Structure formats: structure tokens, C-alpha cells
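To keep things clear, I will list the structure first and then write my remarks on it.
The values are calculated or read from the model by the stated rules, or taken from the named source; none is laboratory data. Just so it is clear, the structure is predicted and the values come from calculations on it, not from any experiment. With ideal geometry, Cβ positions are generated from the backbone for all residues, glycine too; neighbour counts draw on all protein chains shown.
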């Protein structure tokens, strides 16, 4: 009896010692998985491009690498210490391009992904975590969850005050848009078509992650989803004419240069009204690519394009502030001109 | 019987043509058609209406492209099946589709404009088949036909592997969906200018096939028999492969990869008019044109978004083909 009591108390003491020595806490991620994360995370790793943007914004000094290295035209906007980090590839658990051994060699304290939190991704995350022994968090990347997700991640990474500032900015942007657009009736909403690909005939359906920003900024995506699952779809130019969008936002510089010389596109109301805009993609995409917090400036940009009398402020100032806050870069006027080429009313950019 | 079969095919094409011109997401009126026709004859001035533009510059080119693609793929399929004396042969047998796919995918990866993607697809198809032919020519002492087919399989597999590699390298948000759609085929973006390039190339491939139709028919008897009848087998085969490849690569470059048509349509044509190549070729081309018209009309009508043609040709074609086979008429030979 006494001996048993002794054993129990020794076991308890050992457990107590161990847990205080490791200094870890348990965090519930967006899928409900309970993940033990060390108290101080010095090296963070992003599992995919969406997570990489978040990690760069929140804690560039803690990055160990990129899923895909920044492209030459993006590098000038990024901090020198971070932009030269190695490329690891994507790590989601299936069909990866990242090699687990290379990942382990980088000794990350925490891996996280930002985006889909479906059961498939949860189980894949658990597999990677079991295999590597490194805690793997899944963070909800949906736009309406962004502030909460950023705060959660800031806590996990130990950069709560920075995360708070970023989350505030996102909330303020969304509140600003809601407040200014609340008295725009449904009938007065702009009808927007997103043109992808050189021929402009690829688009995102309503509710897709590719057009989320346009819809959140008060635009009506003409490509209604119908019964199909939201996503990328090919459409015919006939269908675009039938939709008769009054604004086209394109993603493709080739399309932006060629549509004006095409008589069929010239019959689309948006083209007649000279309302075709090229979405900026520096330093990361403004409306997509990757669908992460880089899109927050896209909200302001599109709202200003669609409802200029509600948003009289200069997008240049907003872009400058955003890039300073999020990417810690001071952009020159020339850099802003390049970023915003084709993205403003009046003149077709180049 | 055979004359009536051709009349039936022509009637089917006419019905398909009217249907394809009339059905689509943008509602057209007869007035639009009338104005577009008048403008084409120079009798109409002023700015064109949207309906007129849809008819003249969208629907009509697309319908023409559908006929061209269907006819070229089915014609090339019939040619290859006769040439290789094998009913399981499709126009892709020598790797033309895989090569064209690789060319287009590389063009998408390099963010080329549409014309560049089409040119690379065309070149990729031709280069792949030329490569296969050179391999077969280099490996003397084997059955030439067998080496050709095996060479096509090998080079096609290599091209397929390269396509997979490009998919990994491609931008997942931007280029990967485009690659997937291209590899499934669509006529949604076809313009008159594309047709003006592709149609003469198809005709250039078709002319030798028509001129040498009797000799090609003789090839189907077997190399030794053809030689005994005074045909230069190796040269004729090389020329026929070049012609059929030119037809296939030209249309694949504008439509993307559309499977099934080149395999299935020649079979159905053979059931209608028999295996004689001089009759099989026109029958297959007529039937291919009608089939593609119908498939493309469905592709642009069942949903607001385009359904890739490669999916529809398989979904519509496969059960129909099985039904025909189940009716159990011996049709080969």
C-alpha cells in the first residue's frame, strides 16, 4: 500500500518535471486536432504558398524556407534575409514536392498550413506530424475567418502583437467596405467578370477562392455557380456576351494587351465602357495567387474600381501603407507605377 | 444501299449544322443571321449588334471548327486504321496527340499568347511523329509496322511523362487549370483566324489521301500483296502517315486533345459503307463532322460553363459504340 503510494507520487513528480522542462502548450487547430506546440517557436515552416505569405507577414525572421522561392520580380519587395531562404517545395502529406528528410534537416519547431481544413487535410497533417514528430497546425484560410486565424497563428508563433496589428488591418478594411457599401442597392452593384488565361475565357465561379475578393468587395460575379461546385471553369465568349459584365478584371497580361484588338470582345459592355483592369500581382497577387492574406489590398483596390464615389481615396496611398505594414517594404513611386500598371481607370496602363 | 448511306450522312450533317447554329447560351434571332449575312456581302453598314457578332464571329467559326475537327480526326483515324490493318488504332497511335499536348503545355508554362501555344502544339505533334518514323526507319530488320506502333507507344509515353513534369512545375493557381482544360479539348476560343490557318493545312493533308485512295486501300491487303500489285509500300506509307499527321496536328492545335472520335467514328462509318477506303474516308469524315457538331452543341448548352469535349466524346461515344458492337455485325475485313 505504502509502496504503491510512493510509486504514484514518483510518477507524478516525473510527469510534472518533464512537462515543465519541455515548456510546451496544447493548441487546438481549426480542424479540432489538439497539437502540442513548444512555448517558444524559433523556426517556423509554411507547408504551402498560402501559409508562406502569412508566415512572411507575421514573422519573417522565423522562416526557414519557402514552398516555392520568390520570383525575380517579387524579390525587390521582400526583406533580404527572407528572400534568399531555400526552397522546400509543398508539404501537405500527399503529392508533395517537399522531401521530408530535407524538411527535418531544417529543424523547424512548427509546421503549419493556411487554407482548406477539410478532413482530408486534417488526416494528411496528422500523418506528417506522426512521421516527423514536428507539430503541424492547420489554420482556416477562409477570408471571413482571417482575423481570428491570424491571431491564433500569432499566438502559436509567439508574435501576438504583430498578429494583432495585421488582424486589425484586415478587420478595419472589411468594416470600411461594409460601411460604405451598405446603401448600394443590389441593382446598382457592378457586374464583374474575371478573365484568366491569354484568351480570357477561363473564369472563377461564384464562391470560388479565385473570385472571393471580387465578391467581398461588393462586385457581383457574373459567372454564377449554378449546380456546379465553385471553382475554375472554361466559358465561351458567347456566354460572356450573354452575361454582359460591366467590369472585367483580368489576371493575364497577354489578354490585357490583346482584348482591345478583338472585335468580339469589343462587343462586351465592359470593353465598350473601357472598364477592363489588370490585377496587380506584386509582391504577391492582389486577388489570388496565392489565395492568402496578400489579397486584403485587393479588397480596397476592387471596391475603389467598382464604386469610385464611395472610395475617393487614392489607391496608391493605401497600397503604400499595406506594403509597409504587411511586407515591411517602402515602395518608391516608380515601383508603385509598375505594381499598378493597368489597374486604374483612365488609360490602359502600358 | 451505299448511295443511301451517304445521303443519310449528308442529311445528318445538315440537321447537325442547323441545330449547332441555333443552340447556344446567347439567344439569336433570324434577324441577327440576316444582318451578319448582309454584312458579309457588304450590304450592311454601321456598328454591328451583339447578336450579329455572336452569330458571325463566335457561333459560325465555332460550328465550322467543330466540323473541321471532327472530319479531320475521323478521316485520320480511318486512314490509320486502314494503314495498320487494325481496328484499335486511333490518330494518336504515333504519338501526335501526346506530342501536341506537350507542345501546348510547354507554351502554357512559358505564358505564351494563344497563337504561340497553338504553334507549339502543332509543331509538337509533327515532331513527335517524325521522331517515331525516324526510329522505325533506323530499326531495320524488324516488322516495319510493328516498330512504328511500338515507337509511337514509347515516344507517346515519354511525352506523357514530360507533360506530368510540366504540371508539377506549373503555377497551381494559374497554369495548372489551363493545362487540364487544354488536355481535354474545347472549341470555345476558336476564331476565324485560327480556322484560316488550320483549314488549309487539313486540306493539304487530305488531298494526297484522296488522290491515292485506291493505293491506300491496297495497303490494307498487306505489304506483300500491295507490293505484288506494284505499290511502293514504304514510300506510300510514309506519305500517308505524313498526310494524316498533318490533318490531326492542325486540328489538335486549335481544339486541344479530343479523344475517341478518331477511334470510334471510322468504325461506325465502316458499318455503314464497308471497309473500302475510297468510301470509308468520306463517310468517316462526314460522320465525324456531324458527331462533333452535336457534341460541341451539348458542350456549350448543358451548363453555363463549358464542358470539356474529351469528357463528352467519351461519355456519349462509349455507350453508343458498345451498343453498336453488341448488335454483332462482323464489320472488319
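What to note about this one:
- Of note, residue A:274 does not satisfy the criterion of being out of contact with any helix residue (DSSP H, G or I) (no Cβ under 6 Å at 6 or more places or on another chain) and at pLDDT 95 or above.
- Residue check for residue A:184: assigned to a loop (DSSP other than H, G, I, E, B) and either over 18 Å from residue A:294 (Cα atoms) or touching a residue at least 24 places away in the same chain (Cβ under 8 Å) (or both): yes
- Flag if residue A:267 is surrounded by fewer than 19 Cβ atoms within 10 Å (Cβ to Cβ), in contact with a helix residue (DSSP H, G or I) (Cβ under 6 Å, 6 or more places away or on another chain) and within 13 Å of another protein chain (Cβ to nearest Cβ): no
- Comparison of A:141, A:133, A:115, A:204 shows that the only residue that is away from chain B (no Cβ under 14 Å) and either closer than 30 Å to residue A:255 by Cβ or touching a helix residue (DSSP H, G or I) at 6+ places or on another chain (Cβ under 9 Å) (or both) is A:133.
- Conditions (1) surrounded by fewer than 22 Cβ atoms within 10 Å (Cβ to Cβ); (2) within 28 Å of residue B:49 (Cα to Cα); (3) out of contact with any helix residue (DSSP H, G or I) (no Cβ under 9 Å at 6 or more places or on another chain); (4) more than 10 Å from every other protein chain (Cβ to nearest Cβ): number failed by residue A:256: (1)
- Residues within the stretch A:291-310 that are surrounded by fewer than 22 Cβ atoms within 10 Å (Cβ to Cβ) and in a loop (DSSP other than H, G, I, E, B), tallied: 4
- Residue in the stretch A:42-63 that is surrounded by fewer than 14 Cβ atoms within 10 Å (Cβ to Cβ) and assigned to a loop (DSSP other than H, G, I, E, B) present: no
- Qualifying residue in the stretch B:4-15 (condition: within 12 Å of chain A (Cβ to nearest Cβ) and closer than 22 Å to residue B:194 by Cβ): no
- Scanning the stretch A:213-225 for any residue that is free of Cβ contacts under 8 Å to residues at least 40 places away in the same chain, farther than 26 Å from residue B:24 by Cα and either in contact with a strand residue (DSSP E or B) (Cβ under 9 Å, 6 or more places away or on another chain) or at the interface with chain B (Cβ under 7 Å from one of its Cβ atoms) (or both) turns up at least one such residue.
- Every pair of residues 6+ apart whose Cβ atoms lie under 7 Å, when the first sits in the stretch B:182-208 and is within 14 Å of chain A (Cβ to nearest Cβ) while the second is surrounded by fewer than 17 Cβ atoms within 10 Å (Cβ to Cβ) and assigned to a helix (DSSP H, G or I): B:184/B:311
Rundown of residues vs (1) in a loop (DSSP other than H, G, I, E, B); (2) touching a residue at least 40 places away in the same chain (Cβ under 8 Å); (3) touching a strand residue (DSSP E or B) at 6+ places or on another chain (Cβ under 9 Å), yes/no style:
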site: B:4; (1), (2), (3): no, no, no
site: B:13; (1), (2), (3): no, yes, no
site: B:16; (1), (2), (3): no, yes, no
site: B:21; (1), (2), (3): no, yes, no
site: B:25; (1), (2), (3): yes, yes, no
site: B:28; (1), (2), (3): yes, no, no
site: B:36; (1), (2), (3): no, no, no
site: B:39; (1), (2), (3): no, no, no
site: B:42; (1), (2), (3): yes, no, no
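- Which numbered condition residue B:82 fails, given (1) surrounded by 13 or more Cβ atoms within 10 Å (Cβ to Cβ); (2) modelled with pLDDT under 85: (2)
- Flag if residue B:115 is within 14 Å of chain A (Cβ to nearest Cβ), within 24 Å of the chain's Cα centre (by Cα) and either closer than 30 Å to residue A:238 by Cα or surrounded by 17 or more Cβ atoms within 10 Å (Cβ to Cβ) (or both): yes
- Any hit, the stretch B:306-325, residues being buried (at least 24 other Cβ atoms within 10 Å of the Cβ), outside any loop (DSSP other than H, G, I, E, B), modelled with pLDDT of 90 or more and within 14 Å of another protein chain (Cβ to nearest Cβ): no
- Taking the criterion of being within 21 Å of residue A:287 (Cα to Cα) and over 24 Å from the mean Cα position of the chain (by Cα), the residues of the stretch A:223-253 that qualify are A:235, A:240, A:245, A:246.
- Hey, residue B:31 more than 10 Å from every other protein chain (Cβ to nearest Cβ), modelled with pLDDT of 90 or more and in contact with a helix residue (DSSP H, G or I) (Cβ under 8 Å, 6 or more places away or on another chain) or not: no
- Residue within the stretch B:83-92 that is within 14 Å of chain A (Cβ to nearest Cβ) and either touching a residue at least 24 places away in the same chain (Cβ under 8 Å) or touching a strand residue (DSSP E or B) at 6+ places or on another chain (Cβ under 8 Å) (or both) present: no
- Test: residue in the stretch B:165-172 that is assigned to a helix (DSSP H, G or I), farther than 23 Å from residue B:237 by Cβ and within 9 Å of chain A (Cβ to nearest Cβ): yes
- Looking only at the stretch A:276-288, and only at residues there that are within 12 Å of chain B (Cβ to nearest Cβ) and more than 14 Å from residue A:214 (Cβ to Cβ), the one that is surrounded by the most Cβ atoms within 10 Å (Cβ to Cβ): A:284
- Scanning the stretch A:135-157 for residues that are surrounded by 19 or more Cβ atoms within 10 Å (Cβ to Cβ) and assigned to a loop (DSSP other than H, G, I, E, B) returns A:135, A:141.
- The set of residues from the stretch A:226-250 being over 13 Å from residue A:270 (Cβ atoms) and more than 7 Å from chain B (Cβ to nearest Cβ) comprises A:227, A:229, A:230, A:231.
- Taken together, A:260, A:267, A:329, A:303 contain a single residue that is more than 27 Å from residue A:165 (Cα to Cα) and touching a residue at least 40 places away in the same chain (Cβ under 8 Å), which is A:260.
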